[in-house]
Ligand SMILES: [Zn+2]
């Protein structure tokens with residue numbers, strides 16, 4: 001199924017700046033990630049809530065672009081979401097509970113993958129282990145577990 005979207009409120013869409021129109025791509029994909037079909041007055045806070053939650057749990061979906069270079073992670077403010085009321089897609093809206101379950105499932109899968117990857121990689125490097133069997137990787141060793149970004 002292809003991902004379709006449109007603005008039912010053309011007047012509002014025309015008010016968006018060039019940069020805001022470019023950000024619309026993020027909203028199209030975010031609809032899919034966040035399991036919300038459209039942006040309305042009523043669900044605008046839910047957009048921000050889910051976007052924030054998903055980013056905190058699984059890392060940034062998007063970055064703010066400046067002169068073609070990625071900067072800060074992009075999590076829209078409520079005002080930025082509300083500017084796009086009338087935006088609609090063919091994504092199916094799911095409940096917050098269903099969205100959280102999906103986000104947690106992705107988190108768990110990522111953790112499992114990273115652990116497995118680190119274990120596999122640890123077998124392959126020549127860094128020394130101490131008496132407890134804990135490997136101490138040399139600086140720059142590719143087998144070292146990547147650090148999770150913590151805020
Ligand atoms: Zn190593």
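The values are calculated or read from the model by the stated rules, or taken from the named source; none is laboratory data. Treat the numbers as computed from the prediction; the structure is a model and nothing was measured. Counting neighbours? That spans all protein chains shown, and the Cβs are built from the backbone with ideal geometry, glycine included.
Points to keep in mind about this one:
- Yes/no for residue 83 being on the phi < 0 side of the Ramachandran plot and modelled with pLDDT of 90 or more: yes
- Subset tally (residues that are in contact with a helix residue (DSSP H, G or I) (Cβ under 6 Å, 6 or more places away or on another chain) and either closer than 15 Å to residue 81 by Cα or at pLDDT 95 or above (or both)) for region 1-29: 1
- Qualifying residue in region 59-66 (condition: over 18 Å from the mean Cα position of the chain (by Cα) and in a helix (DSSP H, G or I)): no
- Among the residues of region 72-83, none qualifies, meaning not one is buried (at least 16 other Cβ atoms within 10 Å of the Cβ) and under 18 Å from residue 3 (Cβ atoms).
A quick yes/no check of all residues on (1) in a loop (DSSP other than H, G, I, E, B); (2) away from the ligand (no atom under 16 Å from the Cβ); (3) at pLDDT 85 or above; (4) not assigned by TED's automatic domain parsing to the domain that holds residue 46:
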position: 100; (1), (2), (3), (4): no, yes, yes, yes
position: 109; (1), (2), (3), (4): no, yes, yes, yes
position: 114; (1), (2), (3), (4): no, no, yes, yes
position: 119; (1), (2), (3), (4): no, no, no, yes
position: 133; (1), (2), (3), (4): yes, no, no, yes
position: 137; (1), (2), (3), (4): yes, no, no, yes
position: 141; (1), (2), (3), (4): yes, no, no, yes
position: 145; (1), (2), (3), (4): yes, no, no, yes
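- Pairs, first at negative phi in region 19-36, second at pLDDT 95 or above and in a helix (DSSP H, G or I), C-beta under 6 Å, six or more apart: 34/50
- Restricted to region 22-39, and to residues there that are in contact with a strand residue (DSSP E or B) (Cβ under 9 Å, 6 or more places away or on another chain) and not in a helix (DSSP H, G or I), the residue that is surrounded by the fewest Cβ atoms within 10 Å (Cβ to Cβ) is 37.
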